[in-house]
1. Output the number of residues of segment 199-234 satisfying the condition of being hydrophobic (A, V, I, L, M, F, W, C) and touching a strand residue (DSSP E or B) at 6+ places or on another chain (Cβ under 7 Å).
2. May I ask you to list pairs of residues, at least six apart or on different chains, whose Cβ atoms are under 7 Å apart, with the first in segment 339-360 being among the basic types (Lys, Arg) and the second being not in a loop (DSSP other than H, G, I, E, B)?
3. Just to verify a result, which residue in segment 105-131, among those that are over 18 Å from SER34 (Cβ atoms) and touching a residue at least 40 places away in the same chain (Cβ under 8 Å), is farthest from the chain's Cα centre (by Cα)?
4. Just checking, which of THR215, THR271 is in contact with a Phe, Trp or Tyr (Cβ under 7 Å, 6 or more places away or on another chain), of a type in the set (Val, Ile, Thr) and closer than 19 Å to MET298 by Cα?
5. Residues of segment 178-212 being aliphatic (A, V, I, L, M) and closer than 30 Å to SER53 by Cα, which ones?
6. Looking at (1) surrounded by 22 or more Cβ atoms within 10 Å (Cβ to Cβ); (2) at pLDDT below 95, which is the one condition that is false for ALA272?
7. Which residues, counting only those in segment 256-269, are under 26 Å from the mean Cα position of the chain (by Cα) and surrounded by 15 or more Cβ atoms within 10 Å (Cβ to Cβ)?
Amino acid sequence: MHWKSDCRHFAGARPCKHSSQCVGCNTYRPWKESCLIIKLAAKGDVLRTTPLSSALKQHRPNMKITWLTDHDAAPLLYNNPAIDELLCFDAASLTQLSVQHFSRIICLDKEPRAAALASILEADKKTGFGWDPKGYLVPLDKRSRYLYDLGLSDQLKFHSNRKSYQQLVIESAGLEYANQKYQYLPSEKETGRATEYLAKLLKNKGRLPLIGLNTGVGRAFPTKAWPADNYARLAKAVKKEGIGHPVLLGGPDEVPLIKKIVRLAPGTAATACDLDIRQFAALISCLDVIVSADSLAMHLGIALEKKVIALFGPTCQQEIELYGRGEKLSAGTACSPCYRQFCPDLKCLAGITPGEVLAAVKRNL
């Protein structure tokens, strides 16, 4: 018997979904090329890389796209129409990849495990970052050089570069940047449950805009966080002016912070801090505006096409694309951005006042 293993319906170990013999099959749709995207972490970075897979599909609709990521980031890529195969970084996937040959590999992680894998695996063309025999990170082609230089030059990254991350990675892959959007698809069940949850949390207080106040920034850069006192003052101002319902968001690390904000702004609604990524995203999908520092919640807000009021201090606001929805705020301090993980005063974020954020929220309602 003859089997067409290049067909996108071919399953290998079982009949395809059409239960058809390959000879004479009218659903035969061959893959012409294959691409492996290696983007393992962090979760926000994984999500903001999804415009690349969209750009690849637009440019090469018959290219099979495989994405390798970490287990905790994988839920962000579920149901993505531009990803044909999703693999997690583990022994089983690495064994599988070790015997495959790709038309191209795009590695956008600078971690040694990712870059070394990109260098080891076989492909006709490689883009992004690799690992050389001397044990150093290297660009894999000329187009990746600018991305590489951004990581080494503060002057280039902090001041000279004006391109968004999406433009940088799409152009480094040799594709045209055309404002390709994030791809994240919550299910109807997920959004339905989130809607019910928020209705109970707010005790059906009536239909006012829901304004999410995201307190978490992750552990890598705690310096990205807006002060708790400012969140409390903002929550009180939102309620006093009657422009919406403030809803506090955060993860397990933010429990003490959220308790402090609720203590300072009594009656402010606070969501559960033990939600998984997709539950958290579903909540954000129900909001009208989200106020957040540079974080996963900010990226989810962008992906879900919400109005995002993004607060920036130590990180580069020019790399963030809001697609015309929301505003980016910063205090404009001379020391910002810095990408430092510790700061004695955090004046860059403390300098963004609750009044400024409230005005931005009102402009975007």
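1. Summing the residues that are hydrophobic (A, V, I, L, M, F, W, C) and touching a strand residue (DSSP E or B) at 6+ places or on another chain (Cβ under 7 Å) in segment 199-234 gives 10.
2. Correct list of pairs: ARG340/THR223.
3. By that ranking, first place goes to ARG113.
4. After ruling out the rest, the residue left standing is THR215.
5. Initially, segment 178-212 is screened for residues aliphatic (A, V, I, L, M), giving 178, 185, 194, 198-199, 201-202, 208, 210-211.
Passing the criteria: ALA178, LEU185, ALA194.
6. Here ALA272 meets the rest and fails (1).
7. Selection gives LEU257, ILE258, ALA269.
Rundown of residues vs (1) within 19 Å of the chain's Cα centre (by Cα); (2) of a type in the set (A, V, I, L, M, F, W, C), yes/no style:
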{"residue": "SER160", "(1), (2)": "no, no"}
{"residue": "TYR165", "(1), (2)": "yes, no"}
{"residue": "TYR177", "(1), (2)": "yes, no"}
{"residue": "THR195", "(1), (2)": "no, no"}
{"residue": "ASN214", "(1), (2)": "yes, no"}
{"residue": "ALA237", "(1), (2)": "no, yes"}
{"residue": "GLY242", "(1), (2)": "no, no"}
{"residue": "LEU248", "(1), (2)": "no, yes"}
{"residue": "PRO252", "(1), (2)": "no, no"}
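The values are calculated or read from the model by the stated rules, or taken from the named source; none is laboratory data. Please read these numbers as outputs of a predicted model, since none were measured by experiment. Positions of Cβ are backbone-derived with ideal geometry, glycine not excepted, and every protein chain shown enters the neighbour counts.
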